[in-house]
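Colleague: One structure is given below, represented as structure tokens, and several questions about it will come after.
The values are calculated or read from the model by the stated rules, or taken from the named source; none is laboratory data. It should be emphasised that the depicted structure is a prediction, and the values quoted were computed from it without experimental measurement. Every residue, glycine as well, gets a Cβ built from its backbone with ideal geometry; the counts of neighbours run over all protein chains shown.
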Amino acid sequence: MTSKRNTLQKKIVFDTLSQMHNHPSAGMVYEKVRESYPGISKATVYRLLSEAADEGKILRLKLSDSSDRYDITLKKHYHIICKRCGAVADVEVDFDDELFAKQAIGCEGFAVEDCRLEFFGICRACAEEEKKIN
């Protein structure tokens, strides 16, 4: 098995992702990277993010009504999504795997491995914008 090379492009993509605290899509990461490195290809950014998610180095978030988003926080946690602008943020609540598995009622014949719980609301920026309009 060959090991993956650490390339300059990989460093650029992950440095950019780590500076973006909005759970960006691959397209958002690509646009941000392009600001400083216009020669990088979209395919490269998408491939590097996908490989990192497959290797467990970052999280790929499959949120409802959204393209895949990426998160550098590997600790299990939940997310809240703004119903107006689609912004995504972390929800700081205790995540207890053992408690979750015990509460998974009606899952006979299944070994619960993971769960996705999404919260929805209106982000601060959208709420402020609404106040200005009204």
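Residue-by-condition table, conditions (1) charged (D, E, K, R); (2) out of contact with any strand residue (DSSP E or B) (no Cβ under 9 Å at 6 or more places or on another chain):
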position: H21; (1), (2): no, no
position: P38; (1), (2): no, yes
position: G56; (1), (2): no, yes
position: L63; (1), (2): no, no
position: R69; (1), (2): yes, no
position: I72; (1), (2): no, no
position: D90; (1), (2): yes, no
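Colleague: Out of the range 111-129, which residues are within 18 Å of the chain's Cα centre (by Cα) and without any contact (Cβ under 8 Å) to a residue 24 or more places away in the chain?
Modeller: Within the range 111-129, D114, C115 qualify.
Yes/no matrix, rows are residues, columns are (1) more than 15 Å from N22 (Cα to Cα); (2) at pLDDT below 70; (3) assigned by TED's automatic domain parsing to the domain that holds K62:
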position: V88; (1), (2), (3): no, no, no
position: F95; (1), (2), (3): yes, yes, no
position: E98; (1), (2), (3): yes, yes, no
position: A104; (1), (2), (3): yes, yes, no
position: E113; (1), (2), (3): yes, no, no
position: R116; (1), (2), (3): yes, no, no
position: A125; (1), (2), (3): no, no, no
position: E129; (1), (2), (3): yes, no, no
position: I133; (1), (2), (3): yes, no, no
